[in-house]
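Structure first, commentary second.
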Amino acid sequence: MSSSKTFKTFLMAVGIFLTGHSFAADSDANADANDIAIHGYDTVAYFTESKPTQGSTKFTATYKNTIYQFASSDNRNKFRANPEKYAPQFGGHCAMGVALNKKLDVDPTAWRIVEGKLYLNLNKQVQDKWVSDISGNLKTAYEIWPSIKDKPAASL
């Protein structure tokens, strides 16, 4: 058997193994040990307030087995009505990291909305690099994401 076929067989076996196990949060979601997304920041506030805003444990919603916190019940209700609109892209992982075939954590203050989608970055320096070619980096990230979204970050 060729090494290419062996590798494909291995990947299929790993895929079957992973699908047979459940995780607290979806494997593509960036969440802490308590399944809290975006370090507890309100994902709706990026759109409505145009700034990062800390959420509260009083106002939460679950999406893809990840817990989002909100600054108000109004923001929570907006999220519940349309989570795809407000949830960060790439499961909340750093957009530049995904373009580099990595799943990296984020700094909730390093953010940008592009064409109605929320993107987060590891930090402001990484965001500066990402912003230097948003369209190119997004194109690359969207090409890479399907191949890494179900892989644990530590394996990349």
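Quick notes on this structure:
- Cβ crowding within 10 Å ranks Glu84, Glu143 as Glu84, Glu143, fewest other Cβ atoms first.
- For the range 88-149, the relative contact order is 39 percent, taking Cα pairs closer than 8 Å that sit 6 or more residues apart in sequence and dividing their mean separation by the residue count.
- Interchain or long-range residues, amide H under 5 Å from Ile36's placed H: Ile67
- Cα gyration tensor category, rounded, prolate or oblate, for the range 99-145 with a/c compared to 1.5: rounded
Read-outs throughout are calculated quantities, based only on the coordinates presented, and are distinct from any laboratory measurement. Because the structure is a prediction, the values reported are computed rather than measured. Note that we place each Cβ from the backbone using ideal geometry, even for glycine, and neighbour counts take in every protein chain shown.
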